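Student: I have a structure I would like to understand better, so I am pasting it below and will then ask my questions one at a time.
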Amino acid sequence: MYDVDHFINGSFEASLSGERISRENPATGASLRAVARGNAADVARAADAAQRAFAVWGRTPAAERSRILLAIAAGIDARLDELARLECEDTGKPLALARALDIPRAAANFRYFATAILHDASESFVTERPVHAINYVLRKPLGVVGCISPWNLPLYLFTWKIAPALASGNCVIAKPSELTPTTATVLCEIARAAGLPPGVLNVVHGLGAEAGQAIVDCPQVRAISFTGGTVTGRRIAARCGERLIPASLELGGKNAAIVCEDADLSVALPEIVRSSFLNQGEICLCSSRILVHRSRMKEFTERFVDAVRAMKVGDPLAAETDLGALVSKAHREKVIAAIERGVADGGVVACGGGVPRGLAPRVAQGAFLEPTVLLGVPAESSCVQEETFGPVVTVHGFDRHRDAVAMANGTRYGLAASVWTRDLSRAHRIAAKLDAGTVWVNCWMLRDLRVPFGGVKDSGIGREGGHEALRFFSDVSNVCIATGEVL
Ligand code: NDP
């Protein structure tokens with residue numbers, strides 16, 4: 001077990017209170033870390049450091065900011081094995097997944113925004129009357145911003161916020177989930193070694209209601225970028241509204257996969273298995289409701305259930321593991337409760353539904369759960385309506401495409417959806433009617449960092465990715481220069 005400290009003004013420090021939160025490995029139950037329990041006093045120290053650092057970083061040329069951020073990306077690549085192991089220990093996810101997805105994407109986030117700022121252009125407008133003038137749009141960094149991220153893809157989502165914030169010239173106070181704080185700490189070491197000046201990036205660990213809330217309340221903080229649950233997001237939005245500071249909110253999802261009558265199951269089936277259970281289903285973009293055209297229902301369900309039964313649950317360090325542990329036993333209880341509600345409402349467990357047997361002794365006490373497929377759960381069941389954020393999907397039949405669209409849109413969420421068909425004009429017709437920030441056609445989680453990313457309805461406000469993120473992290477002024485001549 002070792003300590004995880006705050007990173008304030010370029011130094012690792014314990015909380016002023018001296019308090020710590022202990023965290024165990026969710027796959028083994030072993031004690032893992034003693035995490036600094038931050039509060040408003042720690043956030044105030046970070047804010048002072050960030051405000052001072054901004055006087056220089058906010059005026060540092062884009063090329064220099066880019067050079068440092070590229071060095072951070074290279075530093076992440078160089079520590080890939082270590083970061084992947086730490087991410088696996090904190091979350092319970094398979095080590096191979098952390099190596100292939102989480103850590104490379106964290107480096108890609110820095111690389112993308114480091115280069116995007118070198119190719120940015122600003123708009124200009126020519127006014128003709130009553131006086132000729134040229135208007136141009138000037139973007140300036142906001143100052144100190146807050147970035148708050150969840151536990152499911154810790155370094156991946158942490159860097160997805162921090163990279164555009166720093167690239168735009170802001171100084172950051174960030175808080176990872178207290179369940180998964182370790183890779184954020186290594187990132188601070190990497191940033192320091194890459195030459196990021198003290199105070200530009202500050203990380204305050206701790207509980208959401210303490211450290212997280214203190215960041216949202218902090219007077220120097222000029223914007224909040226938050227990814228997490230809808231309940232927390234709503235609370236943060238209310239506080240940001242009071243303070244009149246912008247909030248970008250990436251929240252929960254209850255995503256539908258729509259399998260049309262002409263879907264190519266040789267492509268769709270393995271991808272829908274992946275979209276349902278990757279990262280133990282703990283990805284906001286995971287499919288959780290699979291809507292299948294009635295003509296393919298029997299074939300799809302049989303083949304899908306066979307494929308899910310064949311998945312390996314167990315030791316995250318084993319190369320053959322498909323699903324590791326959930327993030328905690330408390331989270332596993334919530335997921336099991338959702339399955340029980342689905343069954344109580346009339347659903348049938350086609351496979352999974354329980355704690356796997358025969359786990360290796362090293363992981364016998366871990367928070368594992370079998371990948372679970374439920375059939376026949378009514379659409380109004382809370383199991384179908386509410387985000388589960390675990391390895392559970394429900395399968396439903398539909399007759400007409402308009403019914404599939406109505407079912408897909410029939411929850412309060414609107415993050416993502418996928419459509420599986422060989423007919424691309426049909427795919428377009430369906431996609432255009434879906435309440436979803438992202439619609440994938442014949443693919444899933446194919447992410448281009450340039451595209452706008454976010455949700456509609458209760459899945460959030462605002463967009464991340466590409467120019468959207470750079471815009472969120474900047475103030476905009478219009479400069480109007482009268483040239484005096486009427487042309
Ligand atoms: P939470 O909303 O519980 O927490 C997210 C982060 O906010 C954590 O760092 C948490 O700290 C912090 N936090 C909690 N309360 C407050 C508060 N009052 N003020 C400020 N910060 C606070 O979500 P989870 O960590 O449980 O993450 C799972 C959720 O994230 C799911 O709903 C999932 O859908 C969503 N998500 C959305 C994504 C998207 O892009 N739309 C992507 C990934 C996940 P602490 O953990 O210490 O409590």
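The values are calculated or read from the model by the stated rules, or taken from the named source; none is laboratory data. Bear in mind that the values here come from a model prediction, so they are computed numbers and not experimental data. Cβ placement follows ideal geometry from the backbone for every residue including glycine, while neighbour counts extend to all protein chains displayed. When the accessible area is computed, the model is the full protein with side chains, heavy atoms only, and any ligands, DNA or RNA have been set aside. Shrake-Rupley method; radii C 1.70, N 1.55, O 1.52, S 1.80 Å.
Student: Taking R0 as 35 Å, what FRET efficiency do you get between VAL137 and ARG234 from their Cβ-Cβ distance, rounded to the nearest 0.05?
Tutor: After rounding, the FRET efficiency stands at 0.65.
Student: Within the range 381-432, list the trypsin sites (Lys or Arg not before Pro) lying in a DSSP loop whose Cβ has at most 10 other Cβ atoms in a 10 Å radius.
Tutor: Sparse-neighbourhood loop trypsin sites (Lys or Arg not before Pro): ARG400.
Student: Estimate the FRET efficiency between VAL126 and LEU446 by the formula 1/(1 + (r/R0)^6), using the beta-carbon distance for r and 56 Å for R0, to the nearest 0.05.
Tutor: For VAL126 and LEU446, the calculated efficiency is 0.90.
Student: Can you tell me which aspartates and glutamates have their Cα less than 16 Å from the Cα of LYS334? Leave out same-chain residues fewer than eight positions away.
Tutor: Straight-distance partners of LYS334: GLU282, GLU370, GLU386, GLU387.
Student: Cross-link candidates for LYS433: which aspartates and glutamates have Cα within less than 14 Å, leaving aside residues fewer than 8 places away along the same chain?
Tutor: LYS433 reaches ASP403.
Student: Per residue of the chain, what 222 nm ellipticity follows from adding -39500 (n - 2.57) for every DSSP H run with n ≥ 4, rounded to the nearest 500?
Tutor: Only helices count here, giving -11000 deg cm²/dmol.
Student: Then there's this: Place a +1 charge on the Cβ of each Lys and Arg in the range 1-134 and a -1 charge on the Cβ of each Asp and Glu, then give the dipole magnitude about the Cα centre in debye, rounded to the nearest 20.
Tutor: 160 debye
Student: Skip the ligands, DNA and RNA, and give the accessible area per residue of the chain with a 1.4 Å probe, whole Å².
Tutor: Counting only protein heavy atoms, the per-residue value for the chain is 39 Å².
Student: So, one more: In the range 357-457, which GluC sites (Glu not before Pro) fall in coil by DSSP and have 15 or fewer other Cβ atoms within 10 Å?
Tutor: GLU380
Student: Compare LEU16, LEU95 by solvent-accessible area with a 1.4 Å probe and give them largest first, with all protein chains kept in place.
Tutor: Greatest to least solvent exposure: LEU16, LEU95.
Student: Ordering HIS6, HIS428, HIS467 by accessible area with a probe of 1.4 Å, largest first, what comes out?
Tutor: HIS428, HIS467, HIS6
Student: Work out, step by step, the length gained on full extension between THR60 and ARG274: first 0.36 nm times the residue separation, then minus their alpha carbon distance; give nm to one decimal.
Tutor: 72.7 nm
Student: Where does the range 403-447 land on Rg(C-alpha)/(2.2 N^0.38 Å)?
Tutor: It is 1.08.
Student: Ordering ILE162, ILE134 by how much accessible area each has at a 1.4 Å probe, largest first, what is the list?
Tutor: Heavy-atom accessible area, descending, gives ILE134, ILE162.
Student: Between ARG362 and LEU207, what length in nm is gained on full extension when 0.36 nm per residue of separation is reduced by their alpha carbon distance?
Tutor: Computed gain between ARG362 and LEU207 is 52.9 nm.
Student: If you restrict to DSSP beta bridges whose two residues both lie in the chain, what percentage is antiparallel, to the nearest 5?
Tutor: About 40 percent, rounded to the nearest 5.
Student: Let me ask something additional. Taking the range 305-346, which GluC sites (Glu not before Pro) meet the DSSP loop condition and have no more than 13 other C-beta atoms within 10 Å?
Tutor: The qualifying sites are GLU320.
Student: For the chain, what does the alpha-carbon gyration tensor say about shape, rounded, prolate or oblate, given a ≥ b ≥ c as the root eigenvalues, a/c under 1.5 as rounded, and a/b over b/c as prolate?
Tutor: Judged from the Cα gyration tensor, the chain comes out oblate (a/c at least 1.5, b/c at or above a/b).
Student: Of all DSSP beta bridges in the range 255-441, what percent run antiparallel (nearest 5)?
Tutor: Of those bridges, close to 10 percent are antiparallel.
Student: Can I ask one more? Leaving ligands, DNA and RNA out of it, report the carbon-plus-sulfur percent of the accessible area of the chain at a 1.4 Å probe.
Tutor: Whole-percent figure for carbon plus sulfur exposure: 55.
Student: How would the range 1-82 be classified by its alpha-carbon gyration tensor: rounded, prolate or oblate, with rounded meaning a/c under 1.5 and the a/b versus b/c comparison settling the rest?
Tutor: Oblate, since a/c reaches 1.5 and b/c is not below a/b.
Student: Please list, or write none, the lysines whose alpha carbon is within less than 24 Å of the alpha carbon of LYS329, excluding same-chain residues fewer than 8 places away.
Tutor: Output for LYS329: LYS93, LYS175, LYS254, LYS312.
Student: May I ask for the equivalent-ellipsoid semi-axes of the range 1-157, computed as the square root of five times each C-alpha gyration tensor eigenvalue and listed largest first in whole Å?
Tutor: 38, 22, 14
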